[in-house]
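Since every read-out is calculated from the coordinates, none of them should be taken as a lab result. Keep in mind it's a predicted model, so treat the numbers as computed, not measured. When we count neighbours, we look across all protein chains shown, and the Cβ atoms used for this are built from the backbone with ideal geometry, even at glycine.
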Amino acid sequence: MDYFSLAIGFFTGLFVLHMIYYLTDFGQVGLFLKEAERSSLLLLVMAAESIGYIQTLKYETMKELGVPENTIKTTKNIDDYNFRAWKMSSVSKLLGSYPDRYKHIPKYVNWQTAMEVLDDLHKHGQRSKDAKE
């Protein structure tokens, strides 16, 4: 009987320890995913800014080279369509990369809401930096 209660206590301790490790890992993975999400969104924003700048240079160069205005407008419309498609695709691929158990973490569904989330994260980060100073 004494060995039986000792065995039950041992296995109960193992179970409790396993649950503590599981919950700790779950929280750490969640924090890691949030930071990876923020970094990914920042990279997407930097890429979008670069694409926008390059497109602006392209239109100015086309204008300087004497390309007809109608061709520039057509090119701009095609570029705008492709840029919007890239934005939607990049956000949907980012959302699709989350493991099933962490699908609740993202607070956005498209480019616009992703940028709003990123702005909120930036504002909260700025407030905590200002509070430290």
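Observations on the model:
- In terms of surrounding Cβ atoms within a 10 Å radius of their Cβ, Trp86, Trp111 rank from fewest to most as Trp86, Trp111.
- Per residue, the convex hull volume that the Cα atoms of the chain enclose (Å³): 140
- Within a Gaussian network of the chain (alpha carbon springs, distance under 10 Å), most fluctuating of Asn70, Asn82, Asn110: Asn70
- Partners for Lys34 among aspartates and glutamates (Cα-Cα distance below 18 Å; same-chain residues under 8 apart left out): Asp25, Asp100, Glu116, Asp119, Asp120
- Virtual paramagnetic centre 7 Å along Cα→Cβ of Leu33, amide N under 18 Å, in the stretch 82-101: 91-101
- At R0 = 30 Å, FRET efficiency that the Cβ-Cβ distance of Leu43 and Val67 yields, to 0.05: 0.40
- Contour minus Cα-Cα distance for Leu6 and Thr24 (0.36 nm per residue): 3.8 nm
- Efficiency of FRET between Asn77 and Leu121 - r from beta-carbon atoms, R0 30 angstrom, step 0.05: 0.35
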